[in-house]
Amino acid sequence: MARPREFDEATALQAAIDCFWQRGYAATSVRDLAASMGISGPSLYNAFGDKHALFVQALGHYLDCSTRPRIERLGAMPPKQAVRTFIDEIIAASVSDRERRGCFLINSALEVAPHDAELRAVIADRLGEIETFFRRSIKAAQAQGTVPPERNAKDLARLLLGALLGIRVLARVNPDRALLEGVARPALSLLD
């Protein structure tokens, strides 16, 4: 009979996210993770698998607590406003990030994706969720007549995703609101 876990998985997973986020995937050891999570190495392996599997779960949990709720919440807004609000919230989060940690997903895309095909696919899928939100919102706004119908929704969604990635990366170096809004403004103007 298996013994019950003596730790809260959600709390431990959040600690793993913080550890990966602070150190990066490559520089984070299983020992670092276990210490941050407040569990033993064997408990980590039993509950989450190896470092790679834990990282995939950490990315999913991060999105479950950040991006996915944002997409769900903004889905109740008029679609054009939802896209603008999404970008505005990312700029606000980037400017207020005093530690310049950036976005865990974007940081992972830059660090891990080039070297790990499996994680690259996971990260691409997660970024695809954001692109899908943009595309769906643009198409809905076109149906409402608030975005010009001649705009290619797929291309515009990809441009907005690229602007979002640029904003998050630039903010790590210079979290200046005017700079970040200057990146967003030309892309968002295509909605008009």
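The values are calculated or read from the model by the stated rules, or taken from the named source; none is laboratory data. Fair warning: this is a prediction, and the values are worked out from it, not measured in the lab. All Cβ positions, glycine included, derive from the backbone under ideal geometry; neighbour counts span all protein chains shown. These area figures cover heavy atoms from the full protein model, side chains too; ligands, DNA and RNA do not enter into them. Shrake-Rupley method; radii C 1.70, N 1.55, O 1.52, S 1.80 Å.
Some observations on this one:
- Pairs with Cβ under 6 Å, 6+ apart, first in the stretch 80-106 and small (Gly, Ala, Ser), second outside any helix (DSSP H, G or I): SER94/PRO175
- Residues being open to solvent by less than 20 Å² (accessible area, probe 1.4 Å) and more than 19 Å from the chain's Cα centre (by Cα) - total across the stretch 20-36: 3
- Contact annotation: residue pairs with Cβ atoms under 8 Å, 6 or more positions apart or on different chains, pairing a residue in the stretch 181-192 that is among the β-branched types (Val, Ile, Thr) with a partner that is open to solvent by less than 60 Å² (accessible area, probe 1.4 Å) and at pLDDT 90 or above, are VAL183/ALA163; VAL183/GLY166; VAL183/ILE167.
- PRO149 meets all of the listed conditions (1) free of Cβ contacts under 8 Å to residues at least 40 places away in the same chain; (2) open to solvent by less than 40 Å² (accessible area, probe 1.4 Å) but one, namely (2).
- Condition check for VAL95: touching a Lys or Arg at 6+ places or on another chain (Cβ under 6 Å) and within 30 Å of ASP192 (Cβ to Cβ): yes
- On the stretch given as the stretch 41-56, residues that are in contact with a helix residue (DSSP H, G or I) (Cβ under 6 Å, 6 or more places away or on another chain) and either at positive phi or open to solvent by 30 Å² or more (accessible area, probe 1.4 Å) (or both) total 2.
- Of the helices (runs of 4 or more DSSP H) lying entirely inside the stretch 64-154, the ones with 2 or more residues being among the β-branched types (Val, Ile, Thr) and modelled with pLDDT of 90 or more are found at 79-96, 117-144.
- Only one of LEU170, LEU159 that is of a type in the set (A, V, I, L, M, F, W, C), surrounded by 13 or more Cβ atoms within 10 Å (Cβ to Cβ) and within 16 Å of the chain's Cα centre (by Cα): LEU170
- Some residue of the stretch 125-135 being among the polar types (S, T, N, Q), surrounded by 15 or more Cβ atoms within 10 Å (Cβ to Cβ) and either touching a residue at least 40 places away in the same chain (Cβ under 8 Å) or out of contact with any helix residue (DSSP H, G or I) (no Cβ under 7 Å at 6 or more places or on another chain) (or both): no
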